[in-house]
Amino acid sequence: MAHNKQFALIDKEGKERFAAIINGTYQIGKDRKRTPSNIDDFARAILIEGEDGRFVRADGTKPGILKFLGKHDYEAIAYRLHPDLADRLGIPSEGTR
């Protein structure tokens with residue numbers, strides 16, 4: 001599965017999971033309620049709007065839904081953004097819950 005290394009959520013095991021690219025889009029929500037084609041909109045939805053999205057480890061394992069804000073079993077404990085992406089969103093390039 002393709003992924004974008006500009007945006008990673010850190011799972012409970014301390015492993016990075018990157019924004020998954022599926023059929024040329026990022027997928028927001030378990031039911032794929034939005035499918036933006038750019039990383040800025042995807043990262044904004046996850047980190048600012050509190051949505052969940054599809055992520056995968058760099059080796060292709062552990063594909064699934066993760067959320068940064070809120071309380072769910074599939075939450076991430078931290079995030080990492082490329083500095084340029086962080087600047088465009090107006091948030092720090094790294095953060096924890």
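For the reader, a short list of remarks on this structure follows.
- For ARG32, the criteria (1) touching a residue at least 40 places away in the same chain (Cβ under 8 Å); (2) out of contact with any Lys or Arg (no Cβ under 6 Å at 6 or more places or on another chain); (3) surrounded by fewer than 18 Cβ atoms within 10 Å (Cβ to Cβ) hold in every case but one, which is (1).
- In segment 71-97, of all residues being of a type outside the set (Lys, Arg), within 18 Å of GLU13 (Cα to Cα) and surrounded by fewer than 13 Cβ atoms within 10 Å (Cβ to Cβ), the one that is modelled with the lowest pLDDT corresponds to ASP73.
- Residue count, segment 23-33 (criterion: at pLDDT below 95 and either touching a strand residue (DSSP E or B) at 6+ places or on another chain (Cβ under 8 Å) or of a type in the set (Lys, Arg) (or both)): 4
- The one condition from (1) modelled with pLDDT of 95 or more; (2) among the β-branched types (Val, Ile, Thr); (3) out of contact with any Leu (no Cβ under 7 Å at 6 or more places or on another chain) that ILE39 does not meet is (3).
- Output for segment 45-70, where each listed residue is basic (Lys, Arg) and open to solvent by less than 50 Å² (accessible area, probe 1.4 Å): ARG54, ARG57, LYS67
The values are calculated or read from the model by the stated rules, or taken from the named source; none is laboratory data. Just so we're clear, the structure is a prediction, and the values are computed from it rather than from any experiment. Virtual Cβ from ideal backbone geometry, glycine too; neighbours counted across all protein chains shown. Surface accessibility is based on the protein's heavy atoms, side chains included, excluding ligands, DNA and RNA. Shrake-Rupley method; radii C 1.70, N 1.55, O 1.52, S 1.80 Å.
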